[in-house]
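A.B. asks: Pasting a structure here, questions to come.
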Amino acid sequence: MELRQLATFEAVVRHRTVTDAAAALGLAPSSVSQQIRTLEAALGVPLFVRAPKGMELTPAGQRLRGWARSLLEQAEQATLDVRG
């Protein structure tokens, strides 16, 4: 699990579609989809249900949501601390 995958996961949660998340991140939709698939494979669980109205979190995705935010915030704080 990589921080960029968690940031991508969080963007998909926030925007509810791969296309909108990709636009917000400045990535191609295929790159966003690949990062989500790689994250799901690494964790061994599906994180989203692909629905007509967008991506919906599975129970595992709901659990990861809180962890992702916490880990991304910690990484940001570590960066700020190290830079002084």
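A.B. asks: Quick one: Karplus J couplings for the stretch 54-63, per residue in order, coefficients 6.51, -1.76, 1.60, θ = phi - 60°, nearest Hz, x for Gly and Pro?
C.D. replies: x, 7, 10, 6, 7, x, 5, x, 4, 5
A.B. asks: Still on this structure: Can you work out D for the chain in µm² s⁻¹ from Stokes-Einstein, where Rh is the Kirkwood radius over C-alpha pairs, the temperature is 25 °C and the viscosity is 0.890 mPa s?
C.D. replies: Diffusion coefficient, whole number: 187 µm²/s.
A.B. asks: Mind listing the phi-derived Karplus ³J(HN,Hα) values for the stretch 71-81, rounded to whole Hz, using 6.51, -1.76 and 1.60 with θ = phi - 60°, and x for any glycine or proline?
C.D. replies: Running phi through 6.51 cos²θ - 1.76 cosθ + 1.60 with θ = phi - 60° gives 5, 5, 5, 5, 5, 5, 5, 4, 4, 4, 5 Hz.
A.B. asks: Something else now. Collect residues whose amide H, placed 1.01 Å from N in the peptide plane, falls under 5 Å from the amide H of residue 58; neighbours closer than 5 in sequence don't count.
C.D. replies: Here the answer is 48, 49, since their amide H atoms fall under 5 Å of that of residue 58.
A.B. asks: For the chain, what does the helix formula give at 222 nm: sum of -39500 (n - 2.57) over DSSP H segments with n ≥ 4, over the residue count, nearest 500 deg cm²/dmol?
C.D. replies: -24000 deg cm²/dmol
A.B. asks: Considering only DSSP states other than H, G, I, E and B, which trypsin sites (Lys or Arg not before Pro) in the stretch 16-54 qualify as loop sites with at most 12 other Cβ atoms within 10 Å?
C.D. replies: Listed in order of number, the matching sites are 53.
A.B. asks: Still on this model: What's the extension gain from residue 7 to residue 65 if we count 0.36 nm per residue and subtract their Cα-Cα distance?
C.D. replies: Working it through step by step, the gained length comes to 19.8 nm.
A.B. asks: What number, in percent, do you get for the relative contact order of the chain if the mean sequence gap of Cα pairs under 8 Å and at least 6 apart is divided by its residue count?
C.D. replies: Answer for the chain is 29 percent.
A.B. asks: For the chain, give the percent of accessible area contributed by carbon and sulfur heavy atoms, probe 1.4 Å, rounded to a whole number.
C.D. replies: 55 percent
A.B. asks: Follow-up question, since we're still on this one. Quick one: accessible area per residue over the chain, 1.4 Å probe, rounded to a whole number of Å²?
C.D. replies: Per residue, the chain has an accessible area of 63 Å².
A.B. asks: Per residue of the stretch 12-17, what does 6.51 cos²θ - 1.76 cosθ + 1.60 with θ = phi - 60° give for ³J(HN,Hα)? Whole Hz please, x for Gly and Pro, Karplus curve as stated.
C.D. replies: Result, ordered by residue: 5, 4, 5, 9, 6, 9 Hz.
The values are calculated or read from the model by the stated rules, or taken from the named source; none is laboratory data. Keep in mind the model is a prediction, meaning the values are calculated, not measured. For neighbour counting, all protein chains shown are included, and Cβ atoms are generated from backbone atoms with ideal geometry for every residue, glycine included. Protein only, heavy atoms only, side chains kept; ligands, DNA and RNA dropped before computing areas. Shrake-Rupley method; radii C 1.70, N 1.55, O 1.52, S 1.80 Å.
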